[in-house]
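Read-outs: derived from the displayed coordinates by stated rules, not from any lab. Just so it is clear, the structure is predicted and the values come from calculations on it, not from any experiment.
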Amino acid sequence: MLPSIIVSYFFVSATFLIGYVSGGDYAQQTVTKEIEEGNYTYYKITEPGRVIVRLVSLEGDADLYISAEHTNPSFELDEHAFSSTTCGVDLVDIDQEVPRPLFVGVYGYPQFSISKYELTVTIYKYSDPSDPFNNIGDDLPAGYEDPDAKIGDEGYGIYGRGGDERSAISLLWPVISSILEIAIDVLL
């Protein structure tokens, strides 16, 4: 059975946006849908600005693929520029300098016959990056966390992103302590 393609383009702008949320400097839209295994649903983002795309798999597992070049991004490496394929919350933060339109593909992972997902797109107002008073996106909307806020706790491994030596020592200390206790017992 060949996978079918469901195309659901929504143009994210103030005039077409359903569920528009205004925080002064950003617009946000949320869509909840279901997708069958091995299929894609596509969306199109045309507005300029920093974009945060958040995909939450409510049931099953949906994955996120984004491209500025390919209208139908997929899991093929040369057909997407951004992706997130976790078994839960997928989050992609796209700089305002990436050209528009952006094409977003949601893929239903084949392990589950149906995947239910919630896709939230937040677009921050475009601003001049050379402006020294520019603080675009410093305050994320409610429900979002800074992906760098909990480095060590969010899947970056025991060393965090930057290789925190204190984490390695605190992890190895019980092992070293046990070896020293055994060595002392043998010597005595």
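Where Rh is the Kirkwood radius over the Cα pairs of region 71-122, the temperature 10 °C and the viscosity 1.306 mPa s, what D in µm²/s does Stokes-Einstein return? Stokes-Einstein gives a translational diffusion coefficient of 125 µm²/s. Close amide-amide hydrogen proximity is noted between Val98 and no other residue 5 or more places distant or on a separate chain, at a cut-off under 5 Å (H modeled in the peptide plane; Pro and chain starts excluded). Distant-in-sequence amide contacts of Ser74, defined by a placed amide H-H separation under 5 Å and a gap of 5 or more residues or a different chain, comprise Glu79, His80.
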